[in-house]
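A short reminder: the numbers here are calculations on the coordinates, not readings from a lab. Fair warning: this is a prediction, and the values are worked out from it, not measured in the lab. FYI the Cβ positions are ideal-geometry reconstructions off the backbone, even for glycines, and counts take in every protein chain you see.
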């Protein structure tokens with residue numbers, strides 16, 4: 001099976017504009033995610049509508065407007081020829097090859113896959129953290145609210161090529177609009193999302209506070225303090 005990693009990245013994020021360009025210890029966020037993904041044997045592309053983002057990485061695909069990262073990946077995949085695609089969101093500087101391979105391996109069993117890890121108290125209280133409710137290894141729901149239960153959903157998805165090609169044709173529901181969670185479109189359309197559990201002690205960069213947390217955690221292991229534009 002031929003697999004490619006697609007990293008959808010837009011410049012003007014709602015919660016944190018220009019975060020893809022933020023410097024973390026000498027490298028931009030998007031460069032860190034790209035470099036982490038290249039530690040696998042898969043081909044890696046950044047998929048973006050921004051020339052500034054594209055200029056920071058050697059492999060990129062330019063797209064027009066897209067409502068979310070999955071739709072952007074689907075647009076890019078029209079000109080590619082792979083059996084499977086892995087969507088690593090651009091806010092995951094601490095993604096590991098083990099995480100990527102976990103979501104890829106689950107595509108043997110499900111047409112759409114994702115990852116989760118144990119919820120920490122800190123992440124449970126953050127509205128930017130996506131919580132997942134599941135039954136065994138399949139997802140039942142995703143949300144941002146403080147629920148007091150559920151797992152920590154991580155921003156990595158796997159798709160079989162035929163499934164990804166169908167995504168833009170699925171109905172955009174009110175739940176997706178309210179929660180601003182692209183994966184709800186799959187669930188509301190009746191698709192099953194397979195979920196693999198992984199260990200994760202990193203940071204997803206959704207807010208300025210997450211930048212501070214990333215700095216703190218990495219300073220503890222000898223990484224120098226980040227610079228800013």
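Considering only beta bridges that DSSP places wholly inside the chain, some 55 percent are antiparallel.
Test of understanding: what is the full-extension gain from residue 199 to residue 135, defined as 0.36 nm times their sequence separation minus their Cα-Cα distance?
Once the chain is fully extended between residue 199 and residue 135, it gains 21.1 nm.
For the range 126-226, the spherically averaged projection of the C-alpha convex hull amounts to 8.2 nm². Highest GNM mean-square fluctuation, the chain, Cα pairs closer than 10 Å: which of 103, 133, 47? Result: 133 has the largest fluctuation of those listed. Within the range 3-45, name every residue whose backbone N is under 19 Å away from a label modeled 7 Å from Cα of residue 65 along the Cβ vector. Under 19 Å, as judged by backbone N against the label point of residue 65, lie 9-15, 17-18 of the range 3-45.
With a Förster radius of 30 Å, plug the Cβ-Cβ distance of residue 149 and residue 51 into 1/(1 + (r/R0)^6) and report the FRET value to the nearest 0.05. Result of the calculation: an efficiency of 0.10.
In deg cm²/dmol and to the nearest 500, what is the mean residue ellipticity at 222 nm of the chain if only DSSP H runs of at least 4 residues count, each as -39500 (n - 2.57), divided by the residue total?
On the way: 9 runs with 64 residues, N = 229.
Dividing the helical sum by the residues of the chain leaves -7000 deg cm²/dmol.
Assuming R0 = 35 Å, can you tell me the calculated FRET efficiency for the pair residue 172 and residue 220, based on Cβ-Cβ distance, to the nearest 0.05?
For R0 = 35 Å, the calculated efficiency reads 0.25.
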